[in-house]
Each structure stands twice: as structure tokens, then as C-alpha cells.
Amino acid sequence: MGVNQIRGIVIQEQPQGENNKYLVVLAKGVGKVRLCAKGAKKTKSPLLAGTQLFCYADFTLFEGRGFASVTQADLIESFYELRTDMDMLSQAVYLAELADRICPDHMEHDAVLRYFLLGLQKMAKGDISAQLVGRILEIKWLQVTGFLASVECMECQKGERLFFAEQEALFLCERHRTTGAKPLSAGVVQAMQYVLYETEKKIFSFSISDAVLQELDHVLRRYIQVHLGLDLKSRRFTADI
């Protein structure tokens, strides 16, 4: 038993009884931490501000036998703006759930955390559409978790004209394309390559047409369904462009 401190973002919150909360925090250098925030639902609780979904904060914990409780939450960023716009809110809720699902327990996930914070900052400022932020984070998280290394033919590793085989969720060249594989637009290929290979400070500094964004949305949703085995309900609310 003892006192510990972590810095992270709340990616899940659930009520526990009348006044308490159960939290999942994605923390720097630690990964996912499951916490109990006693009394956090009370309007006068000092934990109220820092224990809400999307809150980025310094948490002081008391670690007992088999559990950890939040004793202090010093708020760094609340991302309040996300709650004022339905598009931003739905994307952020989905991304928080996706982060929870792709990050195994007891492992450091600093890259996922870093990109999540950057994405929420860009979204909250209105610098870039919420839908595009969501797709950019999907691409980067697929990359850092080892599910997407490049956008090229998955048979011969060449970057010729590419097709997307939807059933298998594979990128294939004309030579290796399977029946029913559909051509990928140049815009989708260029957008994915840009996000994969550009520095993290620049990955949000581009725009694409609605048609390309809709195609990218479809490709990434299917890719995640097949390769990660995830078809999150929260993802379905982010599909309208």
C-alpha cells in the first residue's frame, strides 16, 4: 500500500453507486490504470472537475490491496469544447473507446496517449474537422500498434496503383488484386501515406475533400473490423460527413 502519482487522460468513466466513479485513465509511462474516485459525483467534490471523460490531469492515488483510489486530481486540460459540438463529442467518445480497446493492460502506451492529446487539441480548437481527426488517429494508432506499416500492395510491397479488397481488408496492386477489389483513389492513398510518414506535428496540417474523407472513413472502418476485430457502436455515429 502507498501513495503514487500519474499523469493521464480519462478514457472511461462509469458511475459506482450514488456518489462514486470508476475510471480508466491512460497514463504516461504506465498505460491503462483502473481507479475508484470516491465521492467524485458530488457537486462539491474536489475530484469532480478532474475525473470527467477526456480530462487530462495529474492524479494522486492511494494504492491498497488490489485497488487504487484517486485522492487528488489536478486538472491540466478539460477539453470542454468537445462537449459543445455533437460531431466533436461523438468522435472523441469513439476515440476514447478505441484507445481503451487497443491498449492492453499493464503496458506503456505513450504514443497512443501523445497522439490522442494532439488530436483532441486540434479538434477542440476547430483547426480541422472532427471526422478527419478521427481518421488520422485511426491511421497513427494502427501504425504504432503494429497493424499498419505502410500503404502498398500487401503481396509484393510495391506502391503501384492500389485496390482495396474489402472482404479481406487488404491493399493490393493491379497484379495481385482479387475479385471485387475496388480501386483506391489517389487522394486516399496520399492522405494515408502522409499521416504514416510525416512528423507528428504535421500530421494534422492537411485537408481533403468530403468525397475522399468518406472513402477513407469506409476503408479504415473495414480495416479495423477485420484486422483488430472491432466494430464499435460509437464508430457508427461518426460516419456522417
Can you pull out the GluC sites (Glu not before Pro) in segment 186-228 whose DSSP state is coil and whose Cβ has at most 10 other Cβ atoms within 10 Å? none
Positive-end extreme of charge dipole, the chain - chosen from PHE59, GLN157, HIS218 (charges on Cβ): PHE59
Which residues' amide hydrogens lie under 5 Å from the amide hydrogen of THR71, considering only partners 5 or more residues apart or on another chain, with H built in the peptide plane? THR60, LEU61, PHE62
Value of [θ]222 nm, deg cm²/dmol, for the chain, DSSP H segments ≥ 4, -39500 (n - 2.57) each, nearest 500: -11000 deg cm²/dmol
Would you tally the net charge around LYS140, using a Cβ to Cβ cut-off of less than 11 Å, leaving LYS140 out, and scoring K and R as +1, D and E as -1? -1
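State the extension gain, in nm to one decimal, for the chain segment bounded by LEU75 and LYS158, taking 0.36 nm per residue of separation less the distance between their alpha-carbons.
25.2 nm
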Over all alpha-carbon pairs in segment 1-132, figure out the percentage whose distance exceeds 21 Å. 38 percent
Just in segment 189-241: which trypsin sites (Lys or Arg not before Pro) are loop by DSSP and have at most 15 other Cβ atoms within 10 Å? LYS201, LYS202
Kindly state, to the nearest 0.05, the FRET efficiency for ARG65 paired with GLN14, given R0 = 25 Å and r defined as their beta-carbon distance. 0.70
Taking amide hydrogens as modeled 1.01 Å from N in the peptide plane, which residues meet the under 5 Å criterion relative to CYS55, leaving out close sequence neighbours? VAL10
Accessible surface of ILE102 - all protein chains present, 1.4 Å probe, nearest 10 Å²: 30 Å²
Relative contact order of segment 1-124: what whole-number percent is it, with Cα pairs under 8 angstrom and at least 6 residues apart? 27 percent
Can you give me the Cα centroid spacing of segment 20-43 and segment 75-96 in angstrom? 18 Å
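In whole percent, how big is the carbon plus sulfur part of the accessible area of the chain, probe 1.4 Å, protein atoms only?
Carbon plus sulfur share of accessible area: 48 percent.
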The chain, relative contact order [Cα under 8 Å, separation at least 6], %: 15 percent
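The values are calculated or read from the model by the stated rules, or taken from the named source; none is laboratory data. Since this is a predicted model, take the numbers as computed values, not measurements. Note that each Cβ is placed from the backbone with ideal geometry, even for glycine, and that neighbours are counted across all protein chains shown. Remember, those area values only see protein heavy atoms, side chains included, never the ligands or the DNA or RNA. Shrake-Rupley method; radii C 1.70, N 1.55, O 1.52, S 1.80 Å.
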